[in-house]
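Notes to accompany the following structure.
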Amino acid sequence: MTKNTALFENKIVADRDSGFANMSRRKFLNYAGASTGLVLLAACSKNDNNGVDLGSGDTGILNYAYALEQLEAAFYIQVAKTFYTGITEDEKALLTDIRDHEVAHREFFKAALGGSAIQALEVDFSSINFADRTSVLGTAKAFEDLGVSAYNGAGPLFQSAAFLTLAGKIVSVEARHAALIRDRISNGSFVAADVVDMTTGLEKSRTPAQVLSIAGTYIKTQINASNLPS
Amino acid sequence: MNLQNIIKEIETVDPEFHERVSPRREAIKSLTGFGKKIALGALPLAMGSLFTKAYGQTQPTAINDILNFALTLEYLEAEFYTRGVTAHGTLLAGTPAIGALTTIRNDETNHVTFLKSVLGAAAVAKPNFDFTAKGTFPDPFLPTNYAVFLALAQAFEDTGVRAYKGQAPFLMSNKTVLGAALNIHSVEARHASHIRQMRKANGDTTLKPWITGNSRGSIPAAAQAVYNGEELETQANVKISGMVVDGITISTAAATEAFDEPLSYTDALNIAKLFLA
C-alpha cells in the first residue's frame, strides 16, 4: 500500500510540473490542495469474494474509468481484427482511429494508476456478431453512449481538479465517437432523445451503479463498486 | 429595461461587480453618460461592452460569473444557428443537413434557456454579434457562403467543447452546476463531431470527427487559436504517442486525437470576442 501510494503521488507531483504546462502555476496551486489530499485516499485494489474492488475516492473513479476503457479497447481491437463483411475503406479508417483512441485511454489509466490499477478484466462478447455491421455498430453505439454518460455522472465525484480535467479530455472524444457511430447507423441521430434531454439540451448522465449494470453483460469479471464515492 | 436596475440586480448577486469594472466610478459614470447620448436601441451593444470589460480579464471564481461566460458562448451559438437555418434553409430544403442544423439550433437555444433559468436575474444580456468578425470572414449567411458557415460552426463547437472543459475545475464547489456543465460539454462534442462529418461530406474529404494535432484544416488562419494547444502527446506525465501494446502503435495523430484539451477562460473569451459587434 505504501509503495503504491508513493507511486501514485509521484504521478501527481510530476503532473503538476509538466502535464499542465498551459496552466499558470498559481492557478494550479489554487486547487492543487485537493489533489494532495486525494493521494491519501489511494487504495490498493484486490480481488476477493465480492469481485475486483475498484477502490475508493478518486482512485476508485479512475479504476471505474479504466474498467470501461478496457471494455471499449477490447471491443474495437476485435472489430479491427475481423472487420465486418462489406466494410468500406472509410469505415475501416474511422474504426481503426477509434480503436487507437480507446487503447490510448486504457493504457493511460493503467500507467497513471500504477500499482493501484485493477487487473485486466475478462470480457464476454458472445452476444456480438463481429461479421455483421449492424451488430458491431449497434454495440459501438451502446458502448460510446454508455461511456459518455458514465464520465458525465462520475465527474462531480472527483476530489481532484486535475483528474476531473483528465476525465473531461477523454469524455468529449467519446462523445465525438458516439455521434459518428450514431450517424453511421442513422444519419442525424448524433443527439437524440435517448441520450439528450430535449427540453434542456443536457446529456443524460448515469451513476456508476447504472453503468456497471449495463456493462455487466459484456464483462465476465465481477466488479465491486461499493467503495466508490457517491 | 432600465440599465441602472440591471446593474443593481447584478450587484446583489455579485457584490464585486463594480470592482471588476475598472476604474469603478468612471466606468459606471461613462456608461450612464454614454447611454444618454445614444439611441435606446444601441444599449445592448453598450451592455455587451460592459460585460466584456467586467468579466473578460481573468478567470472568475464565482459560479455565476462562469455560468454567464457559458451563457455568452451559448448566445453566440444559438444566434449563429438560428440565422444559419434561416439563411441556408432554401438551399438545403429537404436535405439531412438542414435537419441537423435545426437540431443543433434547438440544443443551443435550449442551453441558453437552461442557463438563463439557472442564473435568473443574474443572467447577462445577449450581446450583438458580428459573424464576419469585422470582415475577417466572408458573411456566413450569404447563400453562396454555406461552406464558410460550416467552417465557423466547427470552430464554434470545438471552442465550446474546450471552453466548458476549461471551466469544469472551477465549478467543483457546486456539484449540481458541475454536472449540468459536463452534460452540456458532451453535447457540444456531439455537435462538433457531426459538423465535421457534414464538412467532410461537403468536400473536405480528409476531415475527421475528432481534432488531429492542432490542425484547423481548411478553416482560415484567423481561427487557429481554436486549435492551439490541442497537440499534446503526453497526459499527466504519461507519454501517449509511441506506445506499443497488443501489436498496436499509438501514432502521434492518434495520441492527440484521443484527448481534447481545455481552453482557458481568457483564451476562449478572446475567441468569442472576435465575434462581438
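Residue by residue along B:104-112, Cβ atoms of other protein chains within 10 Å of the local Cβ number 3 on average. Between the amide H of B:ASN237 and those of A:GLY19, distances stay under 5 Å, these residues lying 5 or more places away or on another chain, with hydrogens modeled in the peptide plane. Shape class for segment B:182-239: oblate, because the ratio a/c of the largest to smallest gyration tensor axis (alpha-carbon atoms, square roots of eigenvalues) is 1.5 or more and b/c is at least a/b.
Most tightly packed first, judged by the mean number of other beta-carbon atoms within 10 Å of their residues, the peptides B:244-251, A:204-211, B:259-266 read B:259-266, A:204-211, B:244-251.
Relative protection proxy for A:157-168, A:185-196, from highest mean packing down: A:157-168, A:185-196 (other beta-carbon atoms within 10 angstrom). Residues whose amide H comes within less than 5 Å of that of A:VAL196, counting only those at least five positions distant or on another chain, are A:LYS204 (H built at 1.01 Å from N in the peptide plane).
Checking the cross-link pairs A:LYS169/B:LYS208; B:LYS165/B:LYS200; A:LYS141/B:LYS239; A:LYS92/A:LYS141 against a 23 Å limit on the alpha carbon distance flags B:LYS165/B:LYS200; A:LYS141/B:LYS239 as lying beyond it.
Here the spin labels are modelled as points 7 Å beyond Cα on the Cα-Cβ line, and at B:ASN228 and A:ASP194 they lie 4.2 nm apart. Amide H contacts under 5 Å for B:PHE129: B:ALA277, restricted to partners 5 or more places along the chain or on a different chain, H placed in the peptide plane at 1.01 Å from N. From the square roots a ≥ b ≥ c of the eigenvalues of the alpha-carbon gyration tensor of segment B:170-277, which class results: rounded (a/c under 1.5), prolate (a/b over b/c), or oblate? Oblate, because a/c is 1.5 or more while a/b does not exceed b/c.
No lab work stands behind these numbers, since they all come straight from the coordinates. Because the structure is predicted, anything quoted here is derived from the model rather than measured. Methodologically, a virtual Cβ is constructed for each residue, glycine included, from the backbone with ideal geometry; neighbour enumeration extends over all protein chains shown.
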